Amino acid sequence: MLRQAVHRGAGLTGAAWLIGMTSLSLAACSDSSTSSNLSPPAAPTATALSARNVSLSWEASAWDGVDQLRVERQQAGSELVALRPSPQGERVLDLGLEPEQDVDYRLCREQAGAQRACSDWVTVTTPASALGTTVDVTVAHDGGQGADDLFLIGVLEFDNQAGFGAILVLDRAGQLLWEHVDTTRGYVNDAELLDDGTLLFNQYAEVRSMSLFFEPISRFIHADHPLVALPDSLFDPVTIETEQFYHHDADLFGSDAILSVVFTAGHDDVTGWDIVGDGVVAFDRATGEDSWFIDLFDYYDVQTDSCLPCLEELTFGQGHDWTHSNALWFDSEQSEIYLNIRNLDRIAVFDYPSGDLLREIGDGGVTFSHAHDPQVLPDGSILVFDNGLHRPGGEEYSRAVQFEEGTGGQLEVVWEYREDPDFYSDVMGDADRLASGNTLITDAVNGRMLEVEPGGGKVWEARLARPGMRIYKTQRVAGATFRQWCGLEPL
Ligand SMILES: [Ca+2]
Ligand SMILES: [Ca+2]
């Protein structure tokens with residue numbers, strides 16, 4: 001009852017509240033029966049950054065003379081929630097809110113002995129969400145190992161791939177904790193959280209990076225791309241126009257560079273077709289300047305090395321879809337770059353920086369066909385999401401498959417996850433081996449993510465509720481770490 005009384009009092013935002021602020025605040029906000037000699041802090045600055053997220057910030061001086069700050073959240077019909085900022089922190093990001101809700105916050109200074117003094121309440125309204133779907137959990141996790149896991153996903157809409165794109169962070173219960181939706185710039189491919197808590201992602205033809213507080217860090221895009229002319233209030237100030245058409249996957253490369261797949265252009269004199277191939281580029285994270293580049297036209301021949309049904313299709317409106325590489329991985333110990341060349345059913349391994357093609361992994365689509373996102377495991381075996389598109393024999397099913405290379409280059413399957421009846425995601429998808437030994441699988445076109453044990457038991461499954469919504473990839477994120485990146489102490 002005290003909280004509600006304080007809340008109503010806080011509604012007196014004009015002079016009536018401010019006159020006598022000291023005595024009224026102390027009387028109203030002290031939770032102990034003894035009077036506090038702490039002075040109340042100024043109200044936090046509250047800004048709705050998305051339908052799920054509000055940032056709260058305050059002056060560093062709020063910490064002067066106290067052990068702890070708390071941000072309290074009050075919503076109609078809900079229990080009061082206390083958010084605990086990291087020591088000496090000056091902001092937190094609130095998570096998991098609902099769209100179009102009024103949310104009240106105040107900042108409290110606390111000292112040992114139960115003395116506390118709280119600011120006035122401030123109200124912020126979360127905006128509407130353009131996401132258009134919720135997440136249904138179809139197999140609930142038992143709350144044991146991995147209960148703290150969160151999941152970062154890139155989301156697209158099948159009917160609007162050139163428009164809609166979203167990045168979400170959700171928990172095991174399917175609650176959306178963090179949400180970034182962009183309805184104009186196309187789908188999000190690879191999205192990952194770096195060790196510094198910032199996001200690096202490919203969106204359609206761009207490489208972008210931003211903080212979890214929605215602060216833009218950088219955006220790289222080809223200078224001639226039509227999207228350059230589309231206003232982007234968030235990213236325009238950090239846009240760098242380059243000469244590369246980025247797609248699918250970007251990784252941090254050392255501390256100062258980014259490695260990305262890019263389109264390259266060629267022409268086939270036999271068919272007369274304009275051909276789209278791929279390159280790999282390393283570029284400066286601050287300036288966008290290329291420091292290293294290879295082009296698959298220098299390694300392979302369209303006439304002798306092609307997937308013919310793929311080549312007949314056009315990609316990104318640029319030309320005939322030759323190699324369609326979709327994932328990169330840099331082995332920093334060996335200084336080798338792994339490139340998954342989807343349409344050629346192989347993983348090519350290049351030496352860095354010589355660019356020499358060291359070896360190729362693949363067996364013509366038998367073990368993996370048009371696969372996604374290879375992960376080299378500590379024992380040297382490789383895990384991929386085996387889509388099964390254009391599989392030899394024509395059978396249509398997808399699976400996660402782990403294989404080893406024999407001394408003669410043949411591939412030996414050592415583990416797989418396949419369902420009965422089969423599932424099929426002809427495009428996109430992901431398979432990640434988790435530290436627990438379980439495997440996190442993204443059944444992309446069905447908007448589904450699942451975690452399976454080595455024996456095949458399903459320990460968790462969730463899917464986007466609205467048909468036609470797809471998940472490109474899923475990255476597991478430790479919940480405690482994520483909360484720290486949001487300025488919050490672990491729960
Ligand atoms: Ca990546
Ligand atoms: Ca992966």
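Taken together, the values in this text are just the output of simple stated rules run on the coordinates, not laboratory data. Values in this document were obtained by computation on a predicted structure and should not be read as measured data. Cβ coordinates were reconstructed from backbone atoms using ideal geometry, including for glycine residues, and neighbour counts include every protein chain displayed.
Per-residue 3J(HN,Hα) values for the stretch 100-109, derived from phi via the Karplus relation 6.51 cos²θ - 1.76 cosθ + 1.60 with θ = phi - 60°, read 6, 10, 7, 10, 9, 10, 9, 10, 10, 9 Hz in sequence order (x marks Gly and Pro). Asp224 sits among other residues whose Cβ lies under 9 Å from its own Cβ, and their net charge, with Lys and Arg +1 and Asp and Glu -1, is -2.
By the Kirkwood approach, averaging reciprocal distances over each pair of separate Cα atoms, the stretch 37-106 gets a hydrodynamic radius of 12.8 Å. Across the options Val413, Gly254, Leu156, the greatest Cα extent toward the positive end of the charge dipole of the stretch 135-485 (unit charges at beta carbon of Lys, Arg, Asp, Glu) belongs to Leu156. With point charges of +1 on the Cβ of Lys and Arg and -1 on the Cβ of Asp and Glu, referenced to the Cα centre of the chain, which listed residue (Val228, Gly197, Val302) lies farthest in the positive direction of the dipole? Comparing the listed Cα positions along the dipole, Gly197 ranks first.
About its Cα centre, the dipole of the stretch 135-485 is roughly 1100 debye, where the only charges are +1 on Lys and Arg Cβ and -1 on Asp and Glu Cβ.
Rg over Rh for the stretch 43-197 works out to 1.02, both radii taken from alpha-carbon positions and Rh defined as the Kirkwood radius. Couplings for the stretch 349-359, taken from phi via the Karplus curve 6.51 cos²θ - 1.76 cosθ + 1.60 with θ = phi - 60°, read 10, 10, 6, 10, x, 5, x, 4, 7, 7, 6 Hz in order; Gly and Pro are left as x. Net charge in the neighbourhood of Leu464 (other residues with Cβ under 9 Å of its Cβ; Lys, Arg +1, Asp, Glu -1) is +3.
Sorted largest first, the principal axis extents computed over the alpha-carbon atoms of the stretch 256-405 equal 44, 43, 24 Å.
For the stretch 448-491, the alpha-carbon radius of gyration amounts to 1.54 times the rule-of-thumb value 2.2 N^0.38 Å expected for a compact globular protein. Computed over the stretch 422-468, the convex hull of the alpha-carbon atoms projects to a mean area of 3.5 nm². Adding -39500 (n - 2.57) for every DSSP H run of four residues or longer, then dividing by how many residues the chain holds, sets the calculated 222 nm ellipticity at -1500 deg cm²/dmol. Considering amide H positions built from the backbone, and no H for Pro or chain starts, which residues 5 or more places from Ser39, or on another chain, come under 5 Å of its amide H? Long-range HN contacts for Ser39: none found. Computing Rg and the Kirkwood Rh from the Cα coordinates of the chain gives a ratio, Rg/Rh, of 1.04. Taking all Cα-Cα distances within the stretch 364-412, those exceeding 15 Å account for 43%.
Using the Cα centre of the chain as origin and beta-carbon charges of +1 (Lys, Arg) and -1 (Asp, Glu), tell me which of Thr134, Ile167, Trp58 is placed farthest towards the positive end of the dipole. Final value for the positive-end residue is Trp58.
Each 10 Å bin from 0 upward holds the following percent of the Cα-Cα pairs of the stretch 150-291: 11, 40, 34, 12, 3, 0. Computed over the stretch 252-338, the alpha-carbon pair-distance distribution with 10 angstrom bins reads 16, 43, 27, 13, 1, each value a whole percent. Our summary gives the chain a relative contact order of 12 percent, counting only alpha carbon pairs under 8 angstrom and 6 or more residues apart.
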